[in-house]
Amino acid sequence: MTNHTTAGNGAPVTGRPAVRIGALTAALLAACVAFQLNASMLSPVLVTMAKDLHTDDATIGLSQTLFFTLAALFSLFLPRLSDIVGRKRVLVGMLAVMLVGSVVAALAVNVPMLFAGRIIQGVAGPVVPICLLMLRAEITDPKRYGAAMGLLTAVNGGIAGIDALAGGWLATSFGFRSVFWVIAAVAVVAVVMVVVWGVDSRPSAGTSMDWWGVLPLVVSIGALLTACNEAGKLGSANWALVIGGAVVAILAFAVFWWLEDRIREPLIPTRYLRRRSTWALLLTTLLTMTGVFAVVNGLVTSLAQNTTVGFSMQADLTSLAFLTPYALVGWLVGPFAGRLAPTLGYRFMLRIGLAGSIVGTLLMAFVGVHSLPVLIAATVLIGITYAGIANIMLNGLGIVLSPADNPGFLPGLNAGAFNLGAGLSFAALPALQVALGATSGSGQATTTGYSGGMLLGAAITIGALAVSFLIPRPSDAETPSGRSSTSTTGSDTAHGPTTTRKQHA
């Protein structure tokens, strides 16, 4: 049996023997796991890293911000490059670079060397969207694709809790460097699996890569990130740098827009940027990540290990009590949420996830900061609603709303929004926690800062829920019968990319 896959515009992409979907899914899952370890496995290790490198939590938190910033920048153009030169080739290259970064971080003897390793690791930012694009090219049934998508994207919440547990145990027993060596080992396994079982696809073969457009777009988003990160320092912020970064971001984006209107094969046609299916999704993703990510991965783990106003837990116990159940329930719920999305609706499922995340964050802020059982229960609730539902839907919408003639652009921008939001979350929420939470008027240490950071996260997530009502329905991906209609348009009626298969015995 031979598969001939064509892009939504009818152009042939490949002709090859029938793909072993199970093996491909396993390889792509390994790639997603390798990338996710860079975030979730390190969350319970941040305190240990600060102690071992003789610095403070805020400085080590900056290493997370740097990682997510670089991941956001490379996510802007690597998915589109993969459309042109081959998704398998780009995925293998990203994993190899991430491996180098992991080794550099494992050998770090000071903070600058750690920062260098984390920056190199950030090149692998768009691993998940490229994996989903590869999977989409092989699975056309909406429900079957939804389940596989849920499995892969559930990794964004953690590897069934094993990563956080292992990270905490390794940091407590062997120091933070052992965590990076484990990440490097997993990256090696992922590279081998993708090389052996990965299937290449080049829906835009023959198209020229718009490097002129890449440059101002990266400068714009990079300047914006710099400004936001500096503003997150609040009282100690250099506001001249904040204003300067914002001005540079606006000017660079204006240059990008001007170029895209004049280049024959633009990175992102401006008509796509004007669509609600683009900007509403990206804004929802950005706000969701900013509001949720550092709550569990930053504030909760810090509070748990705080010996003054927290629960005085060790890193490994923190992982076991919080991050493991959070990731485990997300891993379990994700495939079911993905399978339900074509029937119940991606947007409906997304709003359920966002609403539940808001409830969980408010519960933490008002009750959980004083009660360990409530804090654990609220963390599990967010694991279900964010990691298991909202995260899955946001990733899925990036794929199904993307236009057929430029399938990599929206998943790439959406991945950038994920990483940008994560970086902003670590810049804003802990900064407010530090600003509000030093001492009370009587000189007693309080949990006010933690509550303030969580309330800020809840407010931002409420904004994400409001914006989600502007996302158009992905009609091609939502049919009760499980069949997607064939359409080659990408309008605000949200007809996503279509893949046509012809099978010959």
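Taking interchain pairs and intrachain pairs at least six residues apart, which have beta carbon atoms under 9 angstrom, with the first residue in the range 196-222 and free of Cβ contacts under 8 Å to residues at least 60 places away in the same chain and more than 16 Å from Leu78 (Cβ to Cβ) and the second of a type in the set (Phe, Trp, Tyr) and open to solvent by 30 Å² or more (accessible area, probe 1.4 Å)?
Filtered contacts from the range 196-222: Pro216/Phe253; Pro216/Trp257; Pro216/Trp258; Val219/Phe253; Ser220/Phe253.
Examine the range 31-48 for a residue that is in contact with a Phe, Trp or Tyr (Cβ under 9 Å, 6 or more places away or on another chain), at pLDDT 85 or above and either of a type outside the set (D, E, K, R) or not in a helix (DSSP H, G or I) (or both), and state whether such a residue exists.
Within the range 31-48, not a single residue is in contact with a Phe, Trp or Tyr (Cβ under 9 Å, 6 or more places away or on another chain), at pLDDT 85 or above and either of a type outside the set (D, E, K, R) or not in a helix (DSSP H, G or I) (or both).
Considering only residues that are polar (S, T, N, Q) and open to solvent by 10 Å² or more (accessible area, probe 1.4 Å), look in the range 160-203 and name the one that is modelled with the highest pLDDT.
By that ranking, first place goes to Ser178.
Pull up the range 38-72, narrow it to residues that are touching a helix residue (DSSP H, G or I) at 6+ places or on another chain (Cβ under 9 Å) and free of Cβ contacts under 8 Å to residues at least 12 places away in the same chain, then point me to the one that is most open to solvent (accessible area, probe 1.4 Å).
His54
For residues that are open to solvent by 50 Å² or more (accessible area, probe 1.4 Å) and under 18 Å from Ala466 (Cβ atoms), scanning just the range 328-350, find the one that is nearest to the chain's Cα centre (by Cα).
Arg347
So which of Tyr346, Tyr386 is of a type in the set (Ser, Thr, Tyr) and under 19 Å from Val292 (Cα atoms)?
Tyr386
Can you tell me which residue in the range 112-135 is nearest to the chain's Cα centre (by Cα), limited to those that are within 19 Å of Ile183 (Cα to Cα) and β-branched (Val, Ile, Thr)?
Val128
Which number in (1) modelled with pLDDT under 90; (2) among the aromatic types (Phe, Trp, Tyr); (3) under 30 Å from Asp83 (Cα atoms) marks the one condition that Tyr386 misses?
All conditions are met except number (1).
Answer with yes or no whether Leu432 is more than 22 Å from Ile352 (Cα to Cα) and either part of a helix (DSSP H, G or I) or open to solvent by 10 Å² or more (accessible area, probe 1.4 Å) (or both).
Answer is yes for this residue.
Identify all residues within the range 204-219 that are surrounded by fewer than 21 Cβ atoms within 10 Å (Cβ to Cβ) and among the small types (Gly, Ala, Ser); write none if there are none.
Of everything in the range 204-219, those that are surrounded by fewer than 21 Cβ atoms within 10 Å (Cβ to Cβ) and among the small types (Gly, Ala, Ser) turn out to be Ala205, Gly206, Ser208.
Take Ala387 and tell me if it is crowded, with 23+ Cβ neighbours inside 10 Å and in a helix (DSSP H, G or I).
Here the answer is yes, as Ala387 does meet what is asked.
Of these, Leu299, Leu283, which one is under 28 Å from Leu62 (Cα atoms), in contact with a helix residue (DSSP H, G or I) (Cβ under 9 Å, 6 or more places away or on another chain) and open to solvent by 20 Å² or more (accessible area, probe 1.4 Å)?
The unique qualifying residue is Leu283.
Any idea how many residues of the range 351-374 are open to solvent by 10 Å² or more (accessible area, probe 1.4 Å), assigned to a helix (DSSP H, G or I) and in contact (Cβ under 8 Å) with a residue 60 or more places away in the chain?
Residues that pass the stated criteria total 6.
Quickly run through the range 220-252 and pick out the residues that are at pLDDT 95 or above and either buried (at least 18 other Cβ atoms within 10 Å of the Cβ) or outside any helix (DSSP H, G or I) (or both).
Selection gives Ala252 alone.
Please go through (1) open to solvent by 10 Å² or more (accessible area, probe 1.4 Å); (2) at pLDDT 70 or above for Gly441 and return the number of the only condition it doesn't satisfy.
Condition (2) is where Gly441 drops out.
Taking the range 454-476 only, how many residues are over 16 Å from Leu363 (Cβ atoms), polar (S, T, N, Q) and modelled with pLDDT of 95 or more?
The qualifying residues number 1.
Of all residues in the range 306-320 being in a helix (DSSP H, G or I), surrounded by fewer than 22 Cβ atoms within 10 Å (Cβ to Cβ) and aliphatic (A, V, I, L, M), which is farthest from the chain's Cα centre (by Cα)?
The selected residue is Leu317.
Check the range 290-301 and report whether any residue there is within 27 Å of Ser204 (Cα to Cα) and either assigned to a helix (DSSP H, G or I) or within 19 Å of the chain's Cα centre (by Cα) (or both).
No: zero hits.
The values are calculated or read from the model by the stated rules, or taken from the named source; none is laboratory data. A quick note: this is a predicted structure, and the numbers were derived from the prediction, not measured. When we count neighbours, we look across all protein chains shown, and the Cβ atoms used for this are built from the backbone with ideal geometry, even at glycine. All accessible areas refer to the heavy atoms of the entire protein, side chains included, with ligands and DNA or RNA removed. Shrake-Rupley method; radii C 1.70, N 1.55, O 1.52, S 1.80 Å.
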